Amino acid sequence: VRTPGGAFDEVKKKTVYDPFREATGIEIVPVAATAAKMLAMFKAGQVDIDVIDTGDDLLLQLEKAGALEPMPYKEFSRTNPDDIEPGVRRQYQVGSFVYAFVLGFNTTAYAVGKEPKSWAEFWDVKAFPGPRTLADIASGAPNLEIALIADGVPMDKVYPLDIDRAFRSLSRIKPSVPKFWDTGALSAQMLADKEAAMGVIWSTRVQVAADGGAPVAAQWNQNQVLVQAYSLTKGTRNAAAGVKFIDYSLSPEVQARWLGAYKAIPVNQKAYPQTSPQLLDPDTRLPWTKSKGFQNNIEWWAENRTKVSEYWSKWVLQ
C-alpha cells in the first residue's frame, strides 16, 4: 500500500493494519511513492503497489493516465457503499477520510473566540495583527480558493478560479507571511512556536498539535474540504486482498477507531456519532466540513495545476 508515511502510518498501524492482519491474515506493507514514481512504474509495466492511499487529486491524475482499476463496490462485505459520502464515492477511487484547510491560530496570540471568523478577517492585518502562514505550492497547491473568498467571492462561486484575482489577493497578505509552509509538520510548528499567529492549515495537523499540548485551535468557518482516498492499481496481482483491505477500513467501527485517533472525519456516515467532538458543528451535530465547508474541485486543479505552478514561480520571487 502506498501511504504518506510518518505519523499517519503510526496511527494506522495500531488502528487498521494490525487488526486487519489479525482478522484476515493479510499483511499490509506500507511503501513511499510519489506520483511521478507511480506513473513511471505503470508506464514500465512494473507495478509493485497494490493499493494507493493518497489525496483524491493525485488519484485523478493517475486515473487520467489509465493507471487505476475501477473500484468494485459490489465486492464489499463489511461496508455498505450507500453509507459512504456520495461526493467521495467515485468510479476509480473511494474516499477514506475527509479533512480541510481551516483557519488555525495560536491561542496565546488570540484567545478562542477572539480569532478571525472569516478569510476576509484573516486578510485584515490591521484589525487582526500578527504574522500569517499559508500553503506553498510545494505542499500540493497554494491557497487560491481562500484568497478569492477573502477578496469577496462567495464560497459556492469560487470555481472556476480566477487565477489573476487570486494572486492579487495573495499579494495583499504576502508582506505578513514570513514563510509559506511546504509540509503539514512545518505549518503546525509555526503556529505552536508563534512564528505565525494564525495560518491556513490542515485540520488534522491542528488537532494533533492541540492534543499534544500546543497552544493552537481551529476556526472552521469557510473551510475547504479535502479528501484522502484509495484506489487499486491497474493490473495488481493482489486485487482481491486490496479490496478486502479497503472494504475493512471503510467499515463504521474501523472508521470510528482509526479516525478517532487520527482526528479526521469519516466518509462512512454510520461513523459520524463516534467522530471527535472538535470535528462536529455543535449546532447541527454534523461534521464541520458539511455545515461550514466547500468542496475542493480536483477536476479544476487537474486541468490548471501546470498553469498555477508557472504563475506561482514568478509571483513568489516578486
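Residues are listed down the side, and each one gets a yes or a no for (1) touching a Leu at 6+ places or on another chain (Cβ under 6 Å); (2) under 23 Å from K126 (Cβ atoms); (3) in contact (Cβ under 8 Å) with a residue 12 or more places away in the chain:
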position: L170; (1), (2), (3): no, yes, yes
position: V200; (1), (2), (3): yes, yes, yes
position: T204; (1), (2), (3): no, no, yes
position: D211; (1), (2), (3): no, no, yes
position: Q219; (1), (2), (3): yes, yes, yes
position: A229; (1), (2), (3): yes, no, yes
position: R237; (1), (2), (3): no, no, yes
Does the range 110-127 hold any residues that are under 21 Å from S169 (Cα atoms) and not hydroxyl-bearing (S, T, Y), and which are they? E115, P116, K117, W119, A120, E121, F122, W123, D124, V125, K126, A127
Filtering the range 145-165 down to residues that are hydrophobic (A, V, I, L, M, F, W, C) and more than 19 Å from V102 (Cβ to Cβ), which residue is surrounded by the fewest Cβ atoms within 10 Å (Cβ to Cβ)? I163
Based on this model, can you work out whether P142 counts as buried (at least 21 other Cβ atoms within 10 Å of the Cβ) and over 30 Å from S251 (Cα atoms)? yes
Residue under evaluation A120, criteria (1) at pLDDT below 95; (2) touching a Gly at 6+ places or on another chain (Cβ under 8 Å); (3) among the hydrophobic types (A, V, I, L, M, F, W, C), criterion not met: (1)
Working carefully through the options V47, V98, V51, V102, find the one that is at pLDDT 95 or above, over 30 Å from L148 (Cβ atoms) and not charged (D, E, K, R). V51
Scope the range 266-284; condition among the charged types (D, E, K, R) and in contact (Cβ under 8 Å) with a residue 12 or more places away in the chain; matching residues: K270, D281
The number of residues in the range 80-107 that are out of contact with any Leu (no Cβ under 9 Å at 6 or more places or on another chain) and either among the acidic types (D, E) or crowded, with 23+ Cβ neighbours inside 10 Å (or both) is 4
Among helices (runs of 4 or more DSSP H) completely within the range 30-122, the ones holding 3 or more residues that are farther than 22 Å from F8 by Cβ are 35-44, 119-122
Can you say whether Q189 is part of a helix (DSSP H, G or I), open to solvent by 40 Å² or more (accessible area, probe 1.4 Å) and closer than 30 Å to T275 by Cα, as far as the supplied structure shows? yes
Residue check for A111: surrounded by 14 or more Cβ atoms within 10 Å (Cβ to Cβ) and either more than 29 Å from P266 (Cβ to Cβ) or at pLDDT 95 or above (or both): no
Can you pull out every residue in the range 249-283 that is open to solvent by 70 Å² or more (accessible area, probe 1.4 Å) and closer than 26 Å to W119 by Cβ? P277, Q278, P282, D283
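The values are calculated or read from the model by the stated rules, or taken from the named source; none is laboratory data. Because the structure is predicted, anything quoted here is derived from the model rather than measured. We place every Cβ from the backbone using ideal geometry, glycine too, and count neighbours over all the protein chains shown. Remember, those area values only see protein heavy atoms, side chains included, never the ligands or the DNA or RNA. Shrake-Rupley method; radii C 1.70, N 1.55, O 1.52, S 1.80 Å.
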